[in-house]
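Peer 1: Below you'll find the structure I mean.
The values are calculated or read from the model by the stated rules, or taken from the named source; none is laboratory data. These figures come from a predicted structure and were not determined experimentally. Ideal geometry is used to build each Cβ from the backbone, glycine not excepted, and the neighbour counts take in all protein chains shown. With ligands, DNA and RNA removed, areas are computed over all heavy atoms of the protein, side chains included. Shrake-Rupley method; radii C 1.70, N 1.55, O 1.52, S 1.80 Å.
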Amino acid sequence: MSRKPPRNLSVKGALVCVILLAMPVRSLAVPHSSRHSQTSPLPANSQVRAALDWIAPNISWINELQARLTAIPAPPFQEAARAAAVKPLLAEAGLSVEIDKAGNVIGELRGANEKEIIIVAAHLDTVFPAGTDVRVHREGTRMSAPGISDNGAGLAALLALARAVHSAHLKPQRTILFVSDVGEEGEGNLRGMRALVEAYRARLKAVVVLDGSGTDHVTTKALASRRLEALVTGPGGHSWSDFGMPNPINALVRGSVRFINTKVPATPRTTFNIGQIEGGTSVNSVPHEARLKVDIRSESEDELVRLEVALRECMAAGVRDEMESARDRSKGKLEWKVELLGSRPGGELKADSPLLAALRAADDFFGNQSRVERSSTDANIPLSLGIDAIAIGAGGNGGAAHSLQEWYDSAGRELGLKRALLTVLGVSGIAEEKSR
Ligand SMILES: [Zn+2]
């Protein structure tokens with residue numbers, strides 16, 4: 001599904017670009033529909049053109065980089081080796097680089113206006129545990145390895161964008177931070193992005209997340225989710241002699257049956273999943289504990305709250321039922337609790353956001369079409385706080401993410417990189433070009 005950029009700019013495309021470039025950063029906030037009424041362009045700027053032109057001749061360098069980084073294991077909470085490899089690469093792109101306490105690698109490109117910041121981020125971590133074979137197999141433009149697309153493609157794009165901007169000696173209006181961040185996947189719970197947003201919140205104007213492949217979508221809506229663990233404990237005892245004592249597994253099962261009968265709406269789409277259940281030590285013992293893990297997701301924060309409350313009520317009722325039916329309550333009492341394991345807040349980018357306008361302008365310029373998506377990404381954190389953010393693919397095509405068969409095909413990658421670059425520069429703005 002790769003789409004090549006048109007060789008000749010359409011009049012419409014050229015106009016849009018002219019508009020973007022000539023406008024000061026603030027006025028980039030024009031809604032999509034009114035952009036065409038303005039005059040003048042981002043790619044008309046010779047430095048922006050030079051940055052865009054850097055990409056095509058360097059595609060094989062970018063592919064190599066992707067393969068090299070993907071082959072460095074980066075399991076959850078163990079991103080340091082890959083971070084150490086990214087750091088000098090960002091430095092080579094002329095950035096001042098540091099690794100923060102969370103483990104994020106941050107490369108700064110100072111803008112004319114240092115009080116305003118744009119973050120471009122690609123996550124370092126994979127879902128694959130230590131010991132997974134992450135060697136990259138290549139055949140033509142196709143590469144396969146766990147993590148090659150998610151997020152080898154994003155990391156390679158991040159570094160390519162930094163290089164492209166550097167090679168064009170381009171100074172942005174707003175400061176750009178090129179970041180490879182930790183903790184995006186699973187129980188990482190977005191801790192890298194949380195740390196970034198906390199550190200830069202007052203100056204942060206927009207976040208562009210590069211995640212996976214493709215040019216066919218833009219994630220503007222953050223899918224909210226919660227992961228919870230329910231735990232029931234009791235005294236435990238012998239299956240025969242202590243029969244009649246309240247049983248934590250019984251209570252958990254009673255509560256679970258109530259919970260899975262909870263109605264959820266199709267719209268806003270809301271889901272739940274009991275993904276793990278465990279407890280007990282042997283078949284002839286009354287267990288002393290039982291636990292389960294639940295993942296709940298919804299397009300609506302209200303539904304998430306409702307389901308979390310439902311889980312607590314159902315567990316309380318399950319414990320109550322078990323206590324009431326226990327023949328011998330003198331043998332002890334059940335305790336229960338529900339704990340939050342992780343929470344990804346929801347949020348949505350406003351339709352008139354300058355960031356979305358910049359993305360749409362880039363799509364228009366390259367003749368690319370993309371659909372709006374709701375998904376769970378690093379963009380959840382800024383979006384939940386009302387900070388403009390999107391997540392986009394890094395170009396090319398990929399598939400079988402989070403599996404050992406994951407693959408990436410670099411055909412069409414150029415479009416994805418240019419689209420991302422123009423979007424970032426659209427929101428950072430360009431400091432006035434020095435006349436030579
Ligand atoms: Zn990812």
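Peer 1: Which is within 16 Å of the ligand (Cβ to nearest atom) and open to solvent by 10 Å² or more (accessible area, probe 1.4 Å), of ARG163, ARG191, ARG174?
Peer 2: Among ARG163, ARG191, ARG174, only ARG191 is within 16 Å of the ligand (Cβ to nearest atom) and open to solvent by 10 Å² or more (accessible area, probe 1.4 Å).
Peer 1: How many of the residues making up the stretch 415-436 are open to solvent by less than 50 Å² (accessible area, probe 1.4 Å) and either touching an Asp or Glu at 6+ places or on another chain (Cβ under 8 Å) or of a type outside the set (Ser, Thr, Tyr) (or both)?
Peer 2: Counting residues in the stretch 415-436 that are open to solvent by less than 50 Å² (accessible area, probe 1.4 Å) and either touching an Asp or Glu at 6+ places or on another chain (Cβ under 8 Å) or of a type outside the set (Ser, Thr, Tyr) (or both) gives 15.
Peer 1: May I pose another question? Does ALA222 satisfy the condition of being within 30 Å of the chain's Cα centre (by Cα), within 16 Å of the ligand (Cβ to nearest atom) and under 29 Å from GLN369 (Cβ atoms)?
Peer 2: So ALA222 fits the description; yes.
Peer 1: Being touching a Ser or Thr at 6+ places or on another chain (Cβ under 8 Å) and closer than 22 Å to GLU187 by Cβ is the filter here; which residues of the stretch 149-167 pass it?
Peer 2: Passing the criteria: SER149, ASP150, ASN151, GLY152, LEU155.
Peer 1: Which strands (runs of 3 or more DSSP E) does the stretch 131-214 wholly contain that include 1 or more residues that are touching a helix residue (DSSP H, G or I) at 6+ places or on another chain (Cβ under 8 Å) and polar (S, T, N, Q)?
Peer 2: In the stretch 131-214, the matching strands (runs of 3 or more DSSP E) lie at 174-181.
Peer 1: Kindly indicate the residue of the stretch 221-273 that is assigned to a loop (DSSP other than H, G, I, E, B) and in contact with a Phe, Trp or Tyr (Cβ under 9 Å, 6 or more places away or on another chain) and also least open to solvent (accessible area, probe 1.4 Å) among those meeting that condition.
Peer 2: Looking at the filtered set, the residue picked out is THR262.
Peer 1: If VAL97 passes every condition in (1) in contact (Cβ under 8 Å) with a residue 60 or more places away in the chain; (2) buried (at least 17 other Cβ atoms within 10 Å of the Cβ) but one, which one does it miss?
Peer 2: (1)
Peer 1: Does SER428 satisfy being more than 15 Å from the ligand (Cβ to nearest atom) and touching a residue at least 24 places away in the same chain (Cβ under 8 Å)?
Peer 2: Yes.
Peer 1: Looking only at the stretch 129-160, how many residues end up being open to solvent by 10 Å² or more (accessible area, probe 1.4 Å), more than 30 Å from PRO43 (Cα to Cα) and within 12 Å of the ligand (Cβ to nearest atom)?
Peer 2: Matching residues across the stretch 129-160 total 0.
Peer 1: From the list LEU69, LEU89, exactly one residue is within 18 Å of ARG163 (Cβ to Cβ), away from the ligand (no atom under 16 Å from the Cβ), open to solvent by less than 50 Å² (accessible area, probe 1.4 Å) and in a helix (DSSP H, G or I). Which is it?
Peer 2: Result of the check over LEU69, LEU89: LEU89.
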